[in-house]
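Below: the structure, in structure tokens.
Rule-based calculations on the coordinates, nothing more; no lab input. Just so it is clear, the model here is predicted, and its values are computed rather than measured.
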Amino acid sequence: MKARTSEPAATVIDAVTCSACGATSPKDGTWRLTWTSSVERGRTVRVCDRCSRDNLRSIEAKLDSAWW
């Protein structure tokens with residue numbers, strides 16, 4: 001059985017930038033509730049709520065962001 005540690009599972013990120021439009025998220029952490037994140041070709045891509053709504057069909061079809 002794996003021993004539990006008190007270390008956090010991930011690094012805390014205060015603010016991020018939208019990979020589609022370049023918008024910056026609020027620094028209070030509320031972006032986690034509305035922004036979309038995915039992994040494309042080994043890197044984490046984050047998209048703001050506006051771009052997520054505009055490209056919802058492409059995101060759900062799991063198309064690379066280059067297609068939308």
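Values computed for the structure shown
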item: Binned Cα-Cα distance frequencies in region 15-63 - 5 Å width, integer %; result: 5, 22, 33, 25, 11, 3, 0
item: Amide proton proximity set for GLU40, modelled H, under 5 Å, gap of 5+; result: VAL45
item: Cut-off under 5 Å, modelled amide H: who pairs with VAL16 long-range; result: SER25
item: Karplus-derived HN-Hα couplings along region 19-35 (A = 6.51, B = -1.76, C = 1.60, θ = phi - 60°), whole Hz, x at Gly and Pro; result: 6, 8, 10, x, 5, 9, 6, x, 7, 8, x, 5, 4, 4, 7, 10, 7
